[in-house]
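The values are calculated or read from the model by the stated rules, or taken from the named source; none is laboratory data. Bear in mind that the values here come from a model prediction, so they are computed numbers and not experimental data. Neighbour counts are summed over all protein chains in view; Cβ atoms, including those assigned to glycine, are modelled from backbone coordinates with ideal geometry.
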Amino acid sequence: FRAPEWCKTGAVFTFGKSKFADNVPSKFWLKNDVPLKIACGDEHTALITENGKLFMFGSNNWGQLGLGSKTMVNKPTCVKALKSEKVRLAACGRNHTIVYTSRGNVYSTGGNNEGQLGLGDCEERTAFQLVDFFSSHGPIKMLAAGSNTSAALTGKTLPL
């Protein structure tokens with residue numbers, strides 16, 4: 001038995017509402033890097049590579065791609081603002097995205113009508129913003145995002 005070539009090459013498959021194909025699975029590859037983790041929001045996707053780069057694509061009505069605009073992006077696009085940090089985790093909510101980097105920083109972008117970006121206000125952002133709250137709370141083990149919520153699981157016990 002020989003596996004198809006796409007099984008061995010780090011192909012990314014998307015299906016459902018997509019600009020890649022009409023609701024049938026379609027695939028793409030990244031040049032010079034290997035996809036490692038993926039997260040999907042309502043209509044946007046975050047992809048983390050082995051080299052710690054963050055690629056975003058999809059709907060961007062609230063700035064959830066973190067690329068500095070609200071322009072829809074059909075192809076995976078590297079978030080240049082985070083290139084100096086290796087992204088380790090990502091979570092996508094309905095219209096926002098949060099990420100965690102190897103430097104221990106949490107960043108968020110997008111819709112923020114319920115404060116889901118963790119920035120202390122309810123203003124949307126179109127570029128990733130540092131969430132200062134987590135700078136003194138130790139390593140993050142997991143991120144999660146819901147419709148208008150975000151959550152982070154730390155690696156150490158916090159005082160009650």
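With Lys31, Lys27 as the choices, which residue is assigned to a loop (DSSP other than H, G, I, E, B), at pLDDT below 95 and surrounded by fewer than 15 Cβ atoms within 10 Å (Cβ to Cβ)?
Numbers: Lys27 fails: assigned to a loop (DSSP other than H, G, I, E, B).
Just one listed residue meets the conditions, Lys31.
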Between a residue in the range 136-156 that is in contact (Cβ under 8 Å) with a residue 60 or more places away in the chain and any residue that is assigned to a strand (DSSP E or B) and loosely packed, with under 13 Cβ neighbours inside 10 Å, which pairs come within a Cβ distance under 6 Å, given they are 6 or more apart or on different chains?
none
Picking from Ile38, Ile48, which residue would you name as being under 19 Å from Ala151 (Cβ atoms) and at pLDDT below 95?
Ile38
Looking at (1) touching a Leu at 6+ places or on another chain (Cβ under 8 Å); (2) farther than 30 Å from Ala11 by Cβ, which one does Val73 not meet, given that it meets all the others?
(2)
Between Gly118, Gly138, which is outside any strand (DSSP E or B) and surrounded by 16 or more Cβ atoms within 10 Å (Cβ to Cβ)?
Gly118
Pairs needed: first member in the range 32-46, farther than 16 Å from Thr71 by Cα; second member anywhere, assigned to a strand (DSSP E or B) and basic (Lys, Arg); C-beta distance under 9 Å; at least 6 residues apart or different chains.
Lys37/Arg88
Out of all the residues in the range 88-106, is one or more touching a Lys or Arg at 6+ places or on another chain (Cβ under 8 Å), assigned to a loop (DSSP other than H, G, I, E, B) and of a type in the set (Gly, Ala, Ser)?
yes
